[in-house]
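Here is the structure we will look at, set down as structure tokens.
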Amino acid sequence: MARPHLSSSQGTFEDLASLTEILDCFLHLGYAGFLAASELNSVMIYHREKNRAERERPRGHGIAVILTGLMLGLWVFEAGARELKFHGPVVQWHRDPTGAATLAWVERLAPDIPGAQVWREGRAPFGYGDGDDVTVIREMRGNHPRLYLAKEFVVNSLTPDEPLHLYIDYDDAFVAYLNGIEVARSQNLKHQYIDGDVKDGHEAGEPELFVIPNPAGLLKSGRNLLSVEGHNVRESSSDFTLDPVLMQGDEALIPPEDTWLYFAGGEPGSKWFRTMPNQSPYPELPKGEAAEWTVGIRARGSSVAYSGVDIESEAFGETDDLVYFAQMEGLQPGASYEYVLRADNVDVGEGWFTTAPAVNRSPIQFVVGGDMGTTTAIPVCKLAGRLDPMFALVGGDLAYANGRDTYKWFDWIDNWVEFVRGSGGRDIPMIMGIGNHEMKGLRIREKDAPFYFSFFDLPNGESNFTVDFADYLSVVLLDSNHAQRVKSQNFWLNLELAARKDRPHLFTIYHRPAWGTGMKRNVKDIQEHWSPLFEKYGVDCVFENDHHTYKRTHKITGGVRDDENGILYIGDGAWGARLRAITPEMLRKVGADRYLAEWGSVHHLVQVTANPDGSKLYEAISADGDVFDSYFDKTPATPQ
């Protein structure tokens, strides 16, 4: 048997003070364990190459870490030898697509959610996968089918003859206890706790009412406890919801979006519902150490050395994670480039992309949509890749993270990297607008969209900007009352459109519709302030989103059909978000009969073909590739 080799190309076991220490290690770990220790030490030293001072740690330190790892059944790495976690990169086109591109990715440095199963505090609704949960339960997805909620509430004066009303929105099943006594249960759940058996799935969307008719023997003056046990139909379910509200008459004993204690990722004990649990504090976890990143770029297929690209970084939203930008400039129009991404001198990613042409000599295709989400957006993401467009344009509501959920952004980035790839694995560049689900709430202010403003390389750092493709195509992105007010953008919009009124292809995009299907109210501010400018400068098409439907208007002026001089509006954001049904009453409510040509409820994107002669083809395509609506515009709008 060969002797263990005590060195590597990156370092040696010089940390061990003497042969005595080596033999001691050998005796404690055995031969196989010693080899594993040797490999680990090499890895640790390798990850310290960028910091020589870190490598020169006190003698014996490396082996102490190894022993700790083996005793715990896991590897306990120091910051310099931690597992590298990152999401991306993606190619962004928010500046000059003919001569520049930005590569962006996120490195995870913030500690992950503790694995310890503890009671935590969170606000209702609870769940994952729907984009509408205040507290997202990441531990459940693919790992565990149950969630436990506990809420203490106070009753000051008893009214024992008045029934209690438990309103609960759930997906897929639940059982509820009041002061340790079962008071409500969904019909599809047999038994409870680890023996719970969910017969059929149940979709959330509308709260169900469960009446507790005689609370006299249940309620008590002072503190009371409501406990709710939620069950998913299976661990692999794509979503989960649990959202209880308790009323007695007009009094909300537990109001909507109240704060509860919750237990996820395990079981709290079979009698958990009898007493109010104590909240467990998170253990303090160390922040990771950032890797040393480099990016190289060269003409695709070239054998020359990669050229280095400057990299900038900033905090990702309000987390300890970092987003990195490599701004690749001075590129040739219509050329293909390949890149390599390295962390601590190790290749960790590669890809290629093509810049936009300098002249529109042949048809250009791009895809456009909005209201994506994560899991539910995958079918249309795959469609976008199959269509192989020059770029993708999205009008907001990207990850449905509501300015808070970092992990939804991770999922969204991962989906884009995996599925939105063109022919030959080409990176499809993105141009991204803002929507209401980038925001923390309803206030119109930039700081409430921390992930949007940190992840995208936006010109001047603003949510309204213009992307020019030489002098043949322009896309003007606007903010429909999210981080900026509609009216405040008027002066800027007037200047941008006036300077581009002679573009063969001129488009605008934003989130909330001015001319929708009645799913929500039309945005009057946009009708009043922006639509007249679209008409004045002859915008070819306006892309709207938000309603989770499909619509195409006639060419309209002031909301009335005008086939000769009107503006075309297409939307309304159904890339992956839950679809909404359109009713005749909704259409009547907004007078949609005056302006709509086509409408429906289907997940889709729109493929736009911009021809050299100025004509355009708009094709609405469902996730399975069916073209369910198309419009050929051979006479685009002209400035007034």
Prolate/oblate/rounded call for region 450-547, Cα gyration tensor, a/c under 1.5 rounded: oblate
Region 326-366 - Rg (one decimal) and Dmax (whole number), Cα, Å: 13.8, 43
Sum of side-chain charges, Ile582 neighbourhood, beta-carbon under 12 Å (Lys, Arg +1; Asp, Glu -1): +2
Full-stretch length increase - Ala110, Phe628 - with 0.36 nm per residue and alpha-carbon distance subtracted: 182.0 nm
Percentage of interatomic Cα-Cα distances in region 350-390 larger than 14 Å: 61
Two-decimal Rg/Rh across region 94-235, once Rg and the Kirkwood Rh are taken from alpha-carbon atoms: 1.14
Net +/- balance of residues flanking Asn565 in space, Cβ distance below 9 Å, scoring K and R +1, D and E -1: -3
FRET efficiency for Asp310 and Glu162, using Cβ-Cβ distance with R0 set to 51 Å, rounded to 0.05: 0.15
Computed lengthening from Thr635 to Glu418, 0.36 nm per intervening residue step minus Cα-Cα distance: 74.3 nm
Proportion of all alpha-carbon pairs of region 157-238 beyond 19 Å (%): 41
Förster radius 60 Å - calculated FRET efficiency between Lys501 and Asn143, Cβ distance, rounded to 0.05: 0.60
Backbone HN-Hα couplings from phi across region 350-356 [Karplus 6.51/-1.76/1.60, Hz, Gly and Pro as x]: 8, x, 8, 8, 10, 6, 6
Prolate/oblate/rounded label for region 520-640 (Cα gyration tensor, a/c 1.5): oblate
Shape of region 282-380, Cα gyration tensor, a/c cut at 1.5: oblate
Extension gain from Ala597 to Asn565, taking 0.36 nm per residue of separation minus the Cα-Cα distance: 9.9 nm
Distance in nm between pseudo-label sites at Arg300 and Asn460 (7 Å out along the Cβ direction from Cα): 3.4
Region 174-185 - phi-based ³J(HN,Hα) in whole Hz, Karplus 6.51/-1.76/1.60, Gly and Pro as x: 7, 9, 10, 10, 10, 6, x, 10, 5, 10, 7, 7
Inter-label distance for Glu585 and Arg445, nm, one decimal - labels placed 7 Å from Cα along Cα-to-Cβ: 3.8
Trypsin sites (Lys or Arg not before Pro) lying in DSSP loop within region 580-613, provided at most 16 other Cβ fall within 10 Å: Arg580
In region 308-345, GluC sites (Glu not before Pro) in a DSSP loop with at most 15 other beta-carbon atoms within 10 Å: Glu318, Glu329
FRET efficiency for Ala216 and Arg123, using Cβ-Cβ distance with R0 set to 45 Å, rounded to 0.05: 0.90
Straight-distance crosslink candidates among lysines, where the alpha carbon sits under 20 Å from Lys589 and sequence neighbours closer than 8 are dropped: Lys520, Lys524, Lys551
For region 342-410, convex hull of alpha carbons as volume per residue, Å³: 157
In Hz, Karplus ³J(HN,Hα) per residue of region 157-162 (6.51, -1.76, 1.60; θ = phi - 60°; x = Gly, Pro): 9, 6, 10, x, 8, 8
Translational D in µm²/s for region 218-257 (Stokes-Einstein at 10 °C, 1.306 mPa s, Kirkwood Rh from C-alpha pairs): 124
Modelled label reach - Met276, point 7 Å along Cα→Cβ, region 161-202 residues with backbone N closer than 17 Å: 177-181
Amide H contacts under 5 Å for His511, placed H, 5+ residues apart: Ser480
In nm, spacing of pseudo-spin labels at Asn345 and Gln187 (7 Å Cα→C-beta vector): 6.8
Accessible area in the full protein assembly, largest first, 1.4 Å probe, for Ser615, Ser238: Ser238, Ser615
Amide H partners (placed H, <5 Å) of Phe174, local residues excluded: Ser186, His231
Residues whose placed amide H lies under 5 Å from that of Ile311, excluding near-sequence neighbours: none
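The values are calculated or read from the model by the stated rules, or taken from the named source; none is laboratory data. Note that the structure is a prediction, hence the values are computed from the model and not measured. As a convention, Cβ positions derive from the backbone with ideal geometry for all residues, glycine included, and neighbour counts pool all protein chains shown. What goes into the accessible areas is simple: the full protein's heavy atoms, side chains included, and nothing from ligands, DNA or RNA. Shrake-Rupley method; radii C 1.70, N 1.55, O 1.52, S 1.80 Å.
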